[in-house]
1. For the subset of the range 46-77 comprising residues that are assigned to a strand (DSSP E or B), open to solvent by 10 Å² or more (accessible area, probe 1.4 Å) and touching a helix residue (DSSP H, G or I) at 6+ places or on another chain (Cβ under 9 Å), which member is nearest to L26 (Cα to Cα)?
2. May I ask you to verify whether C47 is of a type outside the set (D, E) and closer than 29 Å to M1 by Cβ?
3. Given the residues H6, H83, which is the only one that is open to solvent by 30 Å² or more (accessible area, probe 1.4 Å), on the phi > 0 side of the Ramachandran plot and touching a residue at least 24 places away in the same chain (Cβ under 8 Å)?
4. Any idea how many residues of the range 14-45 are crowded, with 22+ Cβ neighbours inside 10 Å and closer than 19 Å to G63 by Cα?
Amino acid sequence: MKQCTHIDALPHPEPAPLSETCPECLRDGTHPVQLRLCLTCGHVGCCDSSPNRHATGHHAETGHPVMRTFEPGESWRWCFEDHVLV
């Protein structure tokens, strides 16, 4: 089974969220479906079900490999690089 090779390099504790919602969606006047938190820098972006997929765009621009859900009651993480749940 494939594993994430980036989890050990993440900052501890995890970064504080830089916002409460997706700032790109606010700027563009769109509505995020669900939110994701970058575990490298704290950027909050919208999920791939949202119109503009800002969390994935953040990864593409920065190379930050792991995000987690930023939804209440959820705790899963995703590695963009290794394509696995962490």
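The values are calculated or read from the model by the stated rules, or taken from the named source; none is laboratory data. Bear in mind that the values here come from a model prediction, so they are computed numbers and not experimental data. For neighbour counting, all protein chains shown are included, and Cβ atoms are generated from backbone atoms with ideal geometry for every residue, glycine included. To get the accessible areas, we keep the full protein, side chains included, count just its heavy atoms, and leave off ligands, DNA and RNA. Shrake-Rupley method; radii C 1.70, N 1.55, O 1.52, S 1.80 Å.
1. M67
2. The answer is yes for C47.
3. H83
4. So the first thing to find is which residues in the range 14-45 are crowded, with 22+ Cβ neighbours inside 10 Å, and the list is 22, 32, 35-39, 43-45.
Retained after the next criterion (residues that are closer than 19 Å to G63 by Cα): 22, 35-39, 43-45.
The number of residues fulfilling the criteria is 9.
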